[in-house]
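Below is one structure, written out as structure tokens, with a few remarks after it.
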Amino acid sequence: MGEIGTAKNPLRVAIIGSGPAGFYTVSNFLKKKELVVEFDMYDRLPTPFGLVRAGVAPDHQKDKSVQKAYDKSAQLPNFRFFGNVEYGSDISLKDLRKYYHQVMFSTGAPFDRDLGVPGEDLEGCFSATEFVAWYNGHPDFADRKFDLSQENVVIVGVGNVAMDVARMLCKTHHELSVTDVADHALSALKNSKIKNVYILGRRGPAQAAFTPPEIKELGEFEDADVTVPVDEAKVDAASLALVEDDKNALKNINFISEYADRHIEGKSRLLTIRFLVSPIELMGEDGKVKAVKVVKNKLVENQDGGLKPVASEETEIIPAGLVFRSVGYKGKPLPDIPYDENSGTIMNASGRVVEPDGTAVTGLYTAGWIKRGPSGVIGTNKTCAQETVALMLEDLGSGKVNVPEDPSIRGAEALINEKEGAVVTYPEWQNIDRSELQRGEAEGRPRVKYTDINEMIGVAKS
């Protein structure tokens, strides 16, 4: 066959997962103009773009504009998308090894970590991921029910996802009706009875994981006040010393300080951001969550010079009929792929999949949250994929690639044609895309999403 990566013998790459890390894998390969690569991207949903579509908040349309760059990659003649195809059920590692030299896993981190406190199984306690997927129209979560008749809601965690959840709960119908929030969520949120939203952080303002734009937005609601208890907004000298060169942390501290000083105007809703508190129990009645018991923390220096929260003896009870946990995420274990339970990631060395003993698995790679854990923003996946692609190219150069039995486009097509159920191609996804945009235009919104897979497939094939 000759050298791999030529017109006569293209490098065949399968990408499992169509989110940012998957598409940045393609764009990083494309920088090697002399290399001929054929990309086949698989996703278990009929729609591409992963969390850009189903995770980025509906009121952050600018963040979704990266889809335009992904779309350019998808339009290339050497790229194919196979939607509604799930790794582990529709296709296996054995199948992929038969048709590809290299396989990239970029399946994200779809599971929330637990709080690990009593009462977490009470009705009314959810993962933030469930709520985010619900209001974004993810087909797996479209039928979820959240009791928005509750007056008090607690969000545990101070990352950007927690900020997203808070905004969706605090915004008015007018603010949400110009977004692409799913119709079922728009209707439910319109009738929300929520009055008080609490965000709980176990450390101080200097250690919060949210970014400055996210915390800034919380002070811009049409009909919701935001406040921070004055004593919890204060930043200790040790924390200030650790972040003195961290511009984002200093901006965050300034916003928090401003909210602590801000006058509460008496708007319909009140968002209270708490620091140095940890939930120690979800308290219930008749099987339903009614309150969150928290302990107040103090920051103390640990062995490596950092600061860690240590519980005091002072506790407090916050009434809440709805609780969302947003304290970290982990990836889903994939069949036949080494997985680290502690980190919730695929076992890897800078993107090369490795066995538990550290031995590299020929031809298998990973990028994105399933590689490094849930950190960074969308753009972080670009450098993450770049690191992995560099190793893929290095292994190609040294001949360390899988040797497929049938490295042909026709072979992979035959595999897909054997699958039960419809397969959605990229041109067919574009049918869904056009229809959603048209529905949105008719309502003065960016798009109106389909949330049922069968309906999506019907539109795709029309």
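We did not get these values from a lab; they are worked out from the coordinates using the rules stated. Please read these numbers as outputs of a predicted model, since none were measured by experiment. Neighbour counts are summed over all protein chains in view; Cβ atoms, including those assigned to glycine, are modelled from backbone coordinates with ideal geometry.
If we sort 295-304, 36-45 on the protection proxy, mean other Cβ atoms within 10 Å, highest first, what's the order?
Order by mean packing, descending: 36-45, 295-304.
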Rounded FRET efficiency, nearest 0.05, which uses the C-beta distance separating ARG410 from LEU250 and R0 of 45 Å: 0.20
Farthest positive-ward along the chain dipole, Cα basis, beta-carbon charges - from VAL228, PHE275, PHE23: PHE23
Sorted by Cβ neighbour density within 10 Å, fewest at the top, the residues GLU355, GLU428, GLU34: GLU34, GLU355, GLU428
For the chain, calculated [θ]222 nm from helices alone, where every DSSP H run of n ≥ 4 adds -39500 (n - 2.57): -9000 deg cm²/dmol
Test item: Cα-centred dipole of region 1-89, Lys/Arg +1 and Asp/Glu -1 on Cβ, debye: 240 debye
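Once you have the Cα-Cα distance between ASN78 and LYS94, take 0.36 nm times their residue separation minus that, and quote the gain in nm to one decimal.
Gain on extension, ASN78 to LYS94, equals 3.5 nm.
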Length-normalised contact order of the chain in % [C-alpha pairs under 8 Å, at least 6 apart]: 21 percent
Folded to 0 to 90 degrees: helix 160-170 orientation relative to the chain principal axis, Cα: 60 degrees
Region 195-265 - charge dipole about Cα centre, Lys and Arg +1 at Cβ, Asp and Glu -1, debye rounded to 20: 260 debye
Ordering of 444-455, 64-75 by burial proxy (mean other Cβ atoms within 10 Å per residue, highest first): 444-455, 64-75
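When a/c is below 1.5 the answer is rounded, else prolate if a/b is larger than b/c, else oblate, so apply that to region 390-462 with a ≥ b ≥ c taken from the square roots of the Cα gyration tensor eigenvalues. Could you put the intermediate results ahead of the total?
Working: a/c = 4.29, a/b = 2.00, b/c = 2.15.
Since a/c reaches 1.5 but b/c is at least a/b, the shape of region 390-462 is classed as oblate.
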Separation between Cα centres of region 317-357 and region 382-404, rounded to whole Å: 24 Å
Ranked list, fewest to most other Cβ atoms within 10 Å of each Cβ, for TYR100, TYR426: TYR426, TYR100
Cα radius of gyration and Dmax for region 114-327 (Å): 17.1, 51
Dipole magnitude of the chain about its Cα centre (Cβ charges: Lys, Arg +1; Asp, Glu -1), debye to nearest 20: 900 debye
Among beta bridges that DSSP assigns inside the chain, antiparallel share in %, nearest 5: 40 percent
Global geometry of region 276-369, whether rounded, prolate or oblate, following the gyration tensor of its Cα atoms and the 1.5 cut on a/c: oblate
Separation in nanometres of the label points that stand 7 Å from Cα toward Cβ, at GLU222 and LYS400: 5.7 nm
Length added when fully stretched, LEU437-GLU123, from 0.36 nm per residue minus Cα-Cα: 109.4 nm
